[in-house]
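**Student:** Have a look at this one.
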Amino acid sequence: MKNVLVLLAHPKYEHSIINQNMINSISGLECIQVHDLYEIYPDFNINVQSEQELLFTSEIVVFHHPIYWYSAPPLLKQWIDLVLEFGWAYGPDGIYLKNKIVFNCVSSGGTDAAYSKQGKHGHTLREFLLPFEQTAKLCQMQYLPPFHIGGTHKKSSIDLQKESQDYRNLLKYFRDTKDIPDHLYQLDELNNFKF
């Protein structure tokens, strides 16, 4: 089994039913560690060495966050700015993240249809998350498309439970699969992936 590190970055986690359901669905699973950045660093004073050690021992990294103004909450951005240092994560000697798998798990009030060329936002979610994909490329990581639960304010509790279970199944699949199939990299979102 691979070690999976879920970097949870939700400044209002206690008010997010969907994110609580998602995290509860994976809590306690072997080799899957949930690392709540807002709980650990309420003052934004990030322990870079400790975070790098967590990354080093993980084969899969998940940026788990809500969409905030077409991006991530500020603590996750600061975490990336500080932890992914030149000479460690990228650059001539920056080899410590090479070949690790990374993807975003995001929730949004906007639906999948809203995040399309023809939709309200005029771009796909993957296009809005391009800075994460480029960061992964710079760090020689393998970037998978995002897992997205959209329209969260309009979903029934049954739908939220199903999507939380899909997330659980996805992480277990990645944890347990020796090689990630190449076709997964071509998807717009991992939600389209069928087990």
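**Student:** Sort out which residues of the stretch 9-66 are among the β-branched types (Val, Ile, Thr) and over 21 Å from Gln161 (Cβ atoms), and write them in order of number. First the steps, then the outcome.
**Tutor:** Going residue by residue through the stretch 9-66, those that are among the β-branched types (Val, Ile, Thr) are 17-18, 23, 26, 32, 34, 40, 46, 48, 57, 60-62.
Listed by number, the residues that qualify are Ile40, Ile46, Val48, Thr57, Ile60, Val61.
**Student:** May I pose another question? Could you tell me whether Val106 is out of contact with any His (no Cβ under 8 Å at 6 or more places or on another chain), aliphatic (A, V, I, L, M) and in a strand (DSSP E or B)? Please lay out each step first, then the result.
**Tutor:** On the way: out of contact with any His (no Cβ under 8 Å at 6 or more places or on another chain): no; aliphatic (A, V, I, L, M): yes; in a strand (DSSP E or B): yes.
Spelling it out, it is not the case that Val106 is out of contact with any His (no Cβ under 8 Å at 6 or more places or on another chain), aliphatic (A, V, I, L, M) and in a strand (DSSP E or B).
**Student:** Right, another one. Which of the residues spanning the stretch 27-82 are farther than 24 Å from Leu170 by Cα, at pLDDT 95 or above and in a loop (DSSP other than H, G, I, E, B)?
**Tutor:** Tyr41, Pro42, Asp43, Phe44, Asn45, Ile46, Asn47
**Student:** Going by the conditions given, is Leu76 of a type in the set (A, V, I, L, M, F, W, C), under 27 Å from Asp166 (Cα atoms) and within 16 Å of the chain's Cα centre (by Cα)? It would help to see each step written out before you state the result.
**Tutor:** Working: of a type in the set (A, V, I, L, M, F, W, C): yes; under 27 Å from Asp166 (Cα atoms): yes; within 16 Å of the chain's Cα centre (by Cα): yes.
The answer is yes for Leu76.
**Student:** While we're here: For the stretch 182-195, name all the residues that are surrounded by 14 or more Cβ atoms within 10 Å (Cβ to Cβ) and either part of a helix (DSSP H, G or I) or touching a helix residue (DSSP H, G or I) at 6+ places or on another chain (Cβ under 8 Å) (or both). Before you say what the answer is, go through the steps one by one.
**Tutor:** Filtering the stretch 182-195 for residues surrounded by 14 or more Cβ atoms within 10 Å (Cβ to Cβ) gives 184, 187-191, 193.
Within the stretch 182-195, Leu184, Asp188, Glu189, Leu190, Asn191, Phe193 meet the criteria.
**Student:** Continuing with this model, one more query. Picking from Asp112, Asp179, Asp166, Asp159, which residue would you name as being of a type in the set (Asp, Glu), more than 25 Å from Gln20 (Cα to Cα) and either in a loop (DSSP other than H, G, I, E, B) or open to solvent by 40 Å² or more (accessible area, probe 1.4 Å) (or both)?
**Tutor:** Working: Asp112 fails: more than 25 Å from Gln20 (Cα to Cα); Asp166 fails: more than 25 Å from Gln20 (Cα to Cα); Asp159 fails: more than 25 Å from Gln20 (Cα to Cα).
Testing whether each residue is of a type in the set (Asp, Glu), more than 25 Å from Gln20 (Cα to Cα) and either in a loop (DSSP other than H, G, I, E, B) or open to solvent by 40 Å² or more (accessible area, probe 1.4 Å) (or both) leaves just Asp179.
**Student:** Sort out which residues of the stretch 47-70 are open to solvent by less than 20 Å² (accessible area, probe 1.4 Å) and either over 19 Å from Tyr96 (Cα atoms) or among the small types (Gly, Ala, Ser) (or both), and write them in order of number.
**Tutor:** Hits for the stretch 47-70 are Ser58, His64, His65, Pro66.
**Student:** Please state which of the following conditions Gly151 fails to meet, knowing it meets all the rest: (1) under 16 Å from Asn191 (Cβ atoms); (2) at pLDDT 95 or above.
**Tutor:** For Gly151, the failing item is (2).
**Student:** I would also like to ask the following. Checking the condition within 20 Å of Ser108 (Cα to Cα) and not acidic (Asp, Glu), which residue from Tyr143, Tyr185, Tyr167, Tyr173 passes?
**Tutor:** Working: Tyr143 fails: within 20 Å of Ser108 (Cα to Cα); Tyr185 fails: within 20 Å of Ser108 (Cα to Cα); Tyr173 fails: within 20 Å of Ser108 (Cα to Cα).
That would be Tyr167, the only listed residue that is within 20 Å of Ser108 (Cα to Cα) and not acidic (Asp, Glu).
**Student:** Spot the failing condition for Asp43; the list is (1) open to solvent by less than 80 Å² (accessible area, probe 1.4 Å); (2) free of Cβ contacts under 8 Å to residues at least 12 places away in the same chain, and only one is missed.
**Tutor:** Of everything listed in (1) open to solvent by less than 80 Å² (accessible area, probe 1.4 Å); (2) free of Cβ contacts under 8 Å to residues at least 12 places away in the same chain, Asp43 misses just condition (1).
**Student:** Residue by residue through the stretch 120-140, note down the ones that are open to solvent by less than 20 Å² (accessible area, probe 1.4 Å) and part of a loop (DSSP other than H, G, I, E, B).
**Tutor:** Hits for the stretch 120-140 are Leu129, Cys139.
**Student:** Follow-up. I'd like to check something: does the stretch 99-108 contain any residue that is closer than 17 Å to Pro145 by Cβ and open to solvent by 20 Å² or more (accessible area, probe 1.4 Å)? Please lay out each step first, then the result.
**Tutor:** At the first step, the residues of the stretch 99-108 found to be closer than 17 Å to Pro145 by Cβ are 100-108.
Checking which are open to solvent by 20 Å² or more (accessible area, probe 1.4 Å) leaves us with 100.
Scanning the stretch 99-108, I find at least one residue that is closer than 17 Å to Pro145 by Cβ and open to solvent by 20 Å² or more (accessible area, probe 1.4 Å), so the answer is yes.
The values are calculated or read from the model by the stated rules, or taken from the named source; none is laboratory data. If you're wondering where the values come from, they're calculated on a predicted model, not measured in any experiment. No Cβ is skipped: glycine too gets one built from the backbone with ideal geometry, and neighbour counts run over all protein chains shown. With ligands, DNA and RNA removed, areas are computed over all heavy atoms of the protein, side chains included. Shrake-Rupley method; radii C 1.70, N 1.55, O 1.52, S 1.80 Å.
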